[in-house]
1. Under a point spin-label approximation (7 Å from Cα along Cα-to-Cβ), what is the residue 146-residue 252 distance to one decimal in nm?
2. Suppose R0 equals 35 Å. What FRET efficiency, 1/(1 + (r/R0)^6) with r the Cβ-Cβ distance, do residue 138 and residue 221 give to the nearest 0.05?
3. Under 25 °C and 0.890 mPa s, how fast does region 43-93 diffuse according to Stokes-Einstein, given a Kirkwood radius computed over C-alpha pairs? Answer in µm²/s, whole number.
4. So, how do all the Cα-to-Cα distances of region 114-184 break down into 10 Å bins, in percent, from 0 on up?
5. With a 10 Å cut-off between alpha carbons and a GNM built on the chain, which of 105, 233, 184 moves the most?
6. Please provide three numbers in whole Å: the alpha-carbon extents of region 155-201 along the principal axes, with the largest listed first.
7. So what's the convex hull volume per residue for the Cα atoms of region 160-281, in Å³?
8. Can you say what percent of the DSSP beta bridges in the chain, counting only those with both residues inside, are antiparallel? Round to 5.
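Every read-out reported here was derived from the displayed coordinates using simple, explicitly stated rules and does not represent laboratory data. Please read all numbers here as calculations on a predicted model, not as lab measurements. A quick note on method: Cβ atoms are made from the backbone with ideal geometry, for glycine too, and the neighbour counts reach across all protein chains shown.
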């Protein structure tokens with residue numbers, strides 16, 4: 001059972017120049033609506049890889065208005081087993097300097113009103129209680145960690161991501177509070193993306209790039225121009241990490257991991273009666 005990989009690009013990262021034999025798939029609606037944008041299909045090292053821009057073309061969708069369910073469901077329909085999610089983040093810890101990679105292993109949810117399940121609210125008519133520990137794929141995280149070290153990038157093997165509603169940045173009071181809650185980095189999109197990927201039986205890995213120190217640090221500037229500059233300066237490094245990670249994933253055997261992910265998703269569903277709808281694998 002060969003892995004099927006999709007790269008989800010975040011702010012400032014919308015395409016992969018390294019793709020060959022590029023084909024842009026039609027942006028059709030699925031049962032959860034319209035994805036953020038068309039999905040690009042291409043080849044990396046002879047393997048088919050997909051890419052989806054989380055915010056859409058031209059960064060059209062703010063974090064709270066992204067149709068995360070439609071995005072992940074579109075990947076499910078393509079048979080995706082592995083999601084490599086790039087994301088910009090603010091650092092809440094002195095040692096996580098701008099330009100560092102953080103491989104997130106847990107999260108704190110500070111969003112409001114985002115649909116976090118394919119069940120209920122216009123979805124399947126059962127209920128799913130999906131476990132979120134581990135929320136992220138530890139096996140893929142090890143691969144990314146090794147890749148970053150091999151390439152000489154500063155990388156943190158674990159990190160606690162607090163996801164805020166956005167689209168505004170946090171206040172200094174909030175930033176200090178998040179530090180006290182034990183968060184290491186902060187963004188606006190990890191939740192509910194990771195929750196839906198887990199419910200869909202996928203291995204989800206977050207590759208976070210620190211762009212700033214958030215506003216807890218008094219000598220740090222946090223605004224859109226400064227964040228975008230750091231992203232522009234580092235986009236080549238991000239793509240480099242992703243390409244090498246794809247190669248490393250495809251060199252390994254993933255049958256049992258894929259089956260385990262699907263079993264967790266299936267066993268999380270309860271209720272709805274004998275004829276209840278549920279995700280099929």
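1. Reported label-point gap for residue 146 and residue 252 is 0.7 nm.
2. Working: r = 35 Å, r/R0 = 0.99.
The computed FRET efficiency comes out at 0.50.
3. Numbers: Rh = 13.0 Å.
Answer from the Stokes-Einstein relation: 188 µm²/s.
4. Result returned by the calculation: 14, 27, 34, 22, 3.
5. Of 105, 233, 184, the Gaussian network model singles out 233 as fluctuating most.
6. 37, 26, 18
7. Working: hull volume 18.8 nm³, N = 122.
Dividing the Cα hull volume of region 160-281 by its residues yields 154 Å³.
8. Numbers: 16 of 45 bridges.
Once the DSSP bridges in the chain are tallied, antiparallel ones form about 35 percent.
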